[in-house]
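Below you'll find the structure, written out as structure tokens, and then a few comments.
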Amino acid sequence: MIGAGFVKIETEFPAFSPFFLWRVFHKALVLLSLLRSCGLSQAFKGLREDSHIYRCALVRMSMSCELSGLTGRLPACFKLKTATEPSHGPNSARHWRRKFLFLLLILVALGSICFLSRFHGRTSRVKNKTPNSCKGKAQILLQEFNISGNHLHALASLFSTSDQNEMLSETLAFFEKEYCVSFCTFVKASWLLLVVAVSCKMSGLLLKLWRNQRKKVINQPPVAQQQQQQKQQQQVHSPPKAGKWRKKLLLVFVLLGIAMSIWLFWYLNEEIVLRREETLANMCDERARMLQDQFNVSKNHVQALAILVSTFHHRKHPSAIDQKTFGEYTERTAFERPLTSGVAYALKVLHSEREQFENLHGWVIKKMETEDQTLVQDCIPENLDPAPVQDEYAPVIFSQETVSHIVSIDMMSGKEDRENILRARATGKGVLTSPFKLLKSNHLGVILTFAVYDTDLPSDATPEQRVEATLGYMGASYDVPSLVEKLLHQLASKQMILVNVYDSTNASSPINMYGTEITDTGLLHISNLDFGDPLRKHEMHCRFKQKPPLPWTAINASAGLLVITLLVEHIFYAAISRIEKVEDDYCKMEELKVRAEAADVAKSQFLATVSHEIRTPMNGVLGMLQMLMDTDLDANQLDFAQTAHNSGKDLISLINEVLDRAKIESGRLELEAVPFDIRAGLDNVLSLLSGKSKEKGIELAVYVSNQVPEVIIGDPGRFRQIITNLVGNSIKFTNDKGHIFVSVHLADEVLGAPNNMDEVLRQGLSFVQDNYDKPCNSLSGIPVVERWKSWEHFKKLSSRNSMEEPEMIRLLVTVEDTGVGIPLEAQSRIFTPFMQADSSTSRTYGGTGIGLSICKCLVDLMGGEIGFVSEPGIGSTFSFTGPFRKGEKTSLDATWQQYGPAVLEFQGLRALVIDNRAIRAEVTRYYLQRLGITADIAFSLKSACSYPSSACNTRVSTNLAMVLIEKDAWDKETALLFFHSVKDHMRKITKEVPINRPKIFLLATDISPTECSELKSAAFVDNVLIKPFRLSALVACFQEALGSGMKRKVNRKKASDLGNLLREKRILVVDDIAVNRKVAEGCLAKCGAIVTCVESGKAALAMLNPPHNFDACFMDLQMPEMDGFEATRQIRCVECKVNEKIASGEASIEMFGNVAHWHTPILAMTADVIEASIEECMKCGMDDYVAKPFELGELYSTLARFFENG
Amino acid sequence: MDVMSQLQRQWLEHSAFLRKEGYLDDQFEQLRKLQDESSPDFVVEVVSIFFDDSEKLLNNMARALEQKVVDFKQVDAHVHQFKGSSASIGAMRVKNVCIEFRNYCEAQNLEECLRCAQKLQFEYSVLKTQLEYLFRLEQQIRAAGG
């Protein structure tokens, strides 16, 4: 059973402990590995892998500390963690411990049951033994009963009930005793059980206590880091101490258990031995008493015989007894003396009477043969010699038949008998000889002798008187062996013990009267026998026949206890070592946590410092680049410098974005609403990413539908961020030979009829697939997924209510790639932060997986939708919608002004695009269209050969300024052919050598410099355009090639100081406060401006009534009577009217100072630069604002916008 | 020469003191920068305009506050003007009091307004004394040929 219990433990134990350990280890491992690989903030994520909420919190936390150092949130999160963490650990530990206790209890119960059953077996065995003695007692009792006589039967029967009761009560008492014993054992066992359970519970309790202490320590919020560290150290040091203490306790427990088991063994063994001794003593005493009793009964009979002889032989004359009578009588009463082998009567004969005696009986007194003991059996009285002369003789006159051979033998002649006779007559009591071999029977025996006196002697008679009165001697021989044998036969369980009877008169050498040779079986009990002769001492020695069996009960019990103890110890040891291990891990984790916290703080600081430190030099870089651009550069150099400048600006904005991400997470991001040029923005994004895509050989292209307004109002930064993320993501997952294609359409276009769609959209929607016998119409010819599926589920796409806000447009942006695609099972979690398709993704492609989630956040924030379609192996298409407002083109002239002259320059030109892929051609056309160049598309060089001639419209032919040939469609021979055909055609039309022959550009995504120069030197190709296009690069290239590109001076002569900017400018300052007026005047006059001051809105209105010659107006906002807002509104109103008049021709331009369009820049002067008031300024028609009091730098940057071009 | 350098030192010390004590701020320095050959007395001009304005405003303010029914809007307008002008010359302490004053005007707390008016008066007079002293020093420097 214990074995079974053990097995059970072995099987059960690992089942729960590894679970607990797994948790802890997992945490530790995750922590470690994350620490190593992903950075600290993510490691915190690992701490709580359980719930998404936690993760979100942590992600947010990590973001906030990583990016903005918003450490305020950090402690909160940690607090949260420290609060939850410990409550979790002990929980499972408690659970585990409870299980363990339960098992232990089961085990102990099993053990104790086993133990008890063994005890029970033992006691029942004892019970078996004890009834034996009980039975013996009952027998004795019965015998006694029988002996006491039948006449008592009635009386006895009268009492029998009570006797039975007595018996019953005796037995009951016996059973009670047994019960008591077993109960004691049970109590002991249960005590043991209790001790085990209590120790179990205690250790559990102590552990819990200890843990609670720890928890308290942990729960205390860190007051200072140093304190925490101290605590940490304490924590680190305390567990081994506790472990040691626990182990000591365990050792004590084990020693106690061993001691207990030894004690138990000793105790049980002792009890067994005691019980055995008791049994032996009982049996021995009982036998001795019986022997003694029976002997005494016989002795009484012998004495009765003696009295008989005295009465009927000596008192009667003539004697009533002769040998015959005596023999008969004794023979018949022999049953009364079951122990005697025979009785005889010897007469006291003095020497003087010998002859007379001999004559009377007719035989001679014979001497007892004592010399030759060996011949005893054939002892014939006739053969014996006559007794020698002595003082007196004791010849046997009567004898029982059995011993008739001793008649006439002088008893005095035997040494033993003589002593016996002498003693008997002196004492008047029965006297025993020492044992000797009886005549004839050759058994060891004793002779009992009684003296017969002639008179009744007083009890205090002297020995002399007794000797005098002696008439004869009655002797009875007792055959001891048969006597004892007979006796033992009557008793049960004679097999069990070995009985020896000794005559121990001579203590130094007792004579063995009965029993075999002594074999030492250990236990010995000696009972004294009193046969009524004070001079003789007899002893009965009892031994068990068998040596005591091994005390199996005790051995089993103690072994069981030992096993239980060791088992418990083992379990506890295992548990303790596991707990220790867990605690060790816990400590390690704590330590790591503290380190991670410290590192995190350091990281936030580092981040804050570094981002600042990056920004500072970047500003330097940008400033220098700006200055470089102001120097005299050729188109290429300028483009390079601009690219560098833009990249630098992007870098700065990227750093800001990193900080923004935290804002997105915390929901504090606000979207801007500013006008921006979406096309230029997309160009920038693509040129930023083109480096990466070129490395991988991916074709990158963007296409914006014609219907998308040039300027839209929205958040360009966020828009760009989304595009950047999506395209960056696509680049990451697209391998070489693929493409990434960004297209922007109005949502309405998608919903509209296919006929109204542009080429790109139609191809994207596969409506035109049948028209072209090409396997695929994608940008690079590689199959792509069906794009429209990505916006299939968009709800807002169709439910747009255009009636409400006609200004609103909804853009649909798709980013199509030919990457690896997203596995189907991962598609559901693609927008979850930090979730990539699978864990191997980050290994293969890198990245954190946050990009898409940010995209989703941003799109949601904009009020749009994002979706995707992806097929593994083919690619993915992400698309999103976003609401924007239509912007006025004028509100962005500053941006357009950069390209303005260039665009005008190319306006009306024609170009031929030769490309074998329709979409790619469309993209090229899109760029050309932006420059005002009309483009025709040919799908191969061959078909292009016929283009110049087929173009019947001469205007078209003459205007054909450039031919753009895709590198894929390029082949030298055909190109040559085409080139010639163009030349011929030109000559045909103009009849002269074409100066303005079409320039030929080669379009390539990736081209080596050698190849490039080779092509250029062959003079076929004027230049090579590297895709993705940037409008600026395109312009520069065209300008260079077409020769029209004089070095642009635009932007070059930026007035570098305010003085130049404002020189001779007439400026009106409106302020009611004289001091302010004076200051503003002074400030502006310093810059060379001609300043006029007025002190009220009304005055300003008067002054600014067209025609006037003010270049700008600075307007205070708060003024009595008419404030700045109102004044501005009215000024604008007046201006508007004038403009209308001019436009309608009501008034001539001359009337209003030759200015066709009146719009005096009005700048607000405000002390509180808050959003609301600024918005209001803009609303009422102001152009900008300057903070009051004036700061020269700010003034410059604000005014520059207005006077730069003027 | 000794007198000159001493005067200059005094002037420097005094303007540093004014800066340190918060009577004046950067704006005043800006004004000083605007002063050149073409307008040699620019600062003095501006400040004297400020003084004139301020006295008028303070009087108006005091009168407005003495009314049985105080028109807080009126008071606020005055304070606003005062704030604007003081900000323009960089009189920081006066400006700060104005800001405080405006808050109480908004809250229509007459008691505090009166307290502020007093405070404003006090700050203004202190400023005036200080600036006058400063200008006097300047004049002396100029007279000494600096």
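The values are calculated or read from the model by the stated rules, or taken from the named source; none is laboratory data. Computed from a predicted model, the values in this text were never measured in an experiment. Here the Cβ positions follow ideal geometry from the backbone for every residue, glycine too, while neighbour counts run over all protein chains shown.
Screening region A:1176-1198 for residues that are in a helix (DSSP H, G or I) and at pLDDT 75 or above and picking the one that is nearest to B:I89 (Cα to Cα) gives A:C1177. Within the set B:K56, B:K95, the sole residue that is more than 9 Å from chain A (Cβ to nearest Cβ), under 18 Å from B:T129 (Cα atoms) and crowded, with 20+ Cβ neighbours inside 10 Å turns out to be B:K95. Against the conditions (1) surrounded by 17 or more Cβ atoms within 10 Å (Cβ to Cβ); (2) modelled with pLDDT of 80 or more; (3) not small (G, A, S), A:P872 satisfies every one except (1). The helices (runs of 4 or more DSSP H) located wholly in region A:968-1058 that include 3 or more residues which are in contact with a helix residue (DSSP H, G or I) (Cβ under 9 Å, 6 or more places away or on another chain) and modelled with pLDDT under 70 occupy A:972-990. Please work out if B:L18 is surrounded by 13 or more Cβ atoms within 10 Å (Cβ to Cβ) and touching a strand residue (DSSP E or B) at 6+ places or on another chain (Cβ under 8 Å). Taking the combined requirement at face value, the residue satisfies it. Evaluating B:V70 against the criteria (1) assigned to a helix (DSSP H, G or I); (2) of a type in the set (A, V, I, L, M, F, W, C); (3) away from chain A (no Cβ under 14 Å); (4) touching a residue at least 40 places away in the same chain (Cβ under 8 Å) leaves one unmet condition, (1). Within region A:1100-1120, the set of residues being away from every other protein chain (no Cβ under 11 Å) and assigned to a loop (DSSP other than H, G, I, E, B) comprises A:L1104, A:N1105, A:P1106, A:P1107, A:H1108, A:N1109, A:F1110, A:D1111.
Going by the conditions given, is A:E597 touching a helix residue (DSSP H, G or I) at 6+ places or on another chain (Cβ under 7 Å), more than 30 Å from A:S647 (Cα to Cα) and modelled with pLDDT of 90 or more?
Criteria not met by A:E597.
Taking first residues from region A:1086-1099 that are away from chain B (no Cβ under 11 Å) and within 16 Å of A:V1075 (Cβ to Cβ) and partners that are among the acidic types (D, E) and in a helix (DSSP H, G or I), the Cβ contacts under 7 Å between residues at least 6 apart in sequence or on separate chains come to A:V1091/A:E1081; A:C1093/A:E1081. Based on this model, can you work out whether A:A1074 counts as without any contact (Cβ under 8 Å) to a residue 40 or more places away in the chain and within 13 Å of another protein chain (Cβ to nearest Cβ)? It is true that A:A1074 is without any contact (Cβ under 8 Å) to a residue 40 or more places away in the chain and within 13 Å of another protein chain (Cβ to nearest Cβ). Against the list (1) in contact (Cβ under 8 Å) with a residue 60 or more places away in the chain; (2) touching a Leu at 6+ places or on another chain (Cβ under 8 Å), the condition A:K545 fails is (1).
Only one of B:L34, B:L65 is within 11 Å of chain A (Cβ to nearest Cβ) and surrounded by 14 or more Cβ atoms within 10 Å (Cβ to Cβ). Can you tell me which? After applying the criteria, what remains is B:L34.
Taking region A:608-625 as the range and being closer than 25 Å to A:L682 by Cα and either modelled with pLDDT of 80 or more or buried (at least 17 other Cβ atoms within 10 Å of the Cβ) (or both) as the test, the residues that pass are A:V621, A:L622, A:L625. Across region A:529-548, a minimum of one residue is classified as within 60 Å of the chain's Cα centre (by Cα), in a loop (DSSP other than H, G, I, E, B) and closer than 30 Å to A:L264 by Cα. Residue count for region A:500-513 under the criterion of being over 12 Å from A:V446 (Cβ atoms), touching a His at 6+ places or on another chain (Cβ under 7 Å) and not hydroxyl-bearing (S, T, Y): the result is 1.
Does A:K247 count as at pLDDT below 85, assigned to a helix (DSSP H, G or I) and among the basic types (K, R)? Before you say what the answer is, go through the steps one by one.
Numbers: at pLDDT below 85: yes; assigned to a helix (DSSP H, G or I): yes; among the basic types (K, R): yes.
In short, yes.
A search for C-beta distances below 6 Å between a residue of region A:703-723 that is touching a residue at least 40 places away in the same chain (Cβ under 8 Å) and part of a helix (DSSP H, G or I) and any residue that is buried (at least 22 other Cβ atoms within 10 Å of the Cβ) and among the aliphatic types (A, V, I, L, M), counting only pairs 6+ apart in sequence or on different chains, returns A:R718/A:L858; A:I722/A:L858; A:I723/A:V685. Go through region B:104-128 and count every residue that is surrounded by 15 or more Cβ atoms within 10 Å (Cβ to Cβ) and not charged (D, E, K, R). The number of residues fulfilling the criteria is 10.
Residue-wise test of (1) at pLDDT 85 or above; (2) more than 60 Å from the chain's Cα centre (by Cα); (3) under 30 Å from A:L491 (Cα atoms).
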| position | (1), (2), (3) |
| --- | --- |
| A:Q235 | no, no, no |
| A:Y267 | yes, no, no |
| A:E277 | yes, yes, yes |
| A:R287 | no, yes, yes |
| A:H317 | no, yes, no |
| A:E336 | no, yes, yes |
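Entry remark, region B:73-92: residues being within 13 Å of another protein chain (Cβ to nearest Cβ) and of a type in the set (V, I, T) number 2 in total. The combined condition, being surrounded by 13 or more Cβ atoms within 10 Å (Cβ to Cβ), within 14 Å of chain A (Cβ to nearest Cβ) and either of a type in the set (V, I, T) or on the phi < 0 side of the Ramachandran plot (or both), is fulfilled by B:V43. Return yes or no: is B:Y124 away from chain A (no Cβ under 14 Å) and part of a helix (DSSP H, G or I)? Spelling it out, it is not the case that B:Y124 is away from chain A (no Cβ under 14 Å) and part of a helix (DSSP H, G or I). Kindly indicate whether any position in region A:552-561 is closer than 30 Å to A:R315 by Cα and surrounded by fewer than 16 Cβ atoms within 10 Å (Cβ to Cβ). Within region A:552-561, none of the residues are closer than 30 Å to A:R315 by Cα and surrounded by fewer than 16 Cβ atoms within 10 Å (Cβ to Cβ). Does region A:782-798 hold any residues that are modelled with pLDDT under 70 and not charged (D, E, K, R), and which are they? Selection gives A:L797, A:S798.
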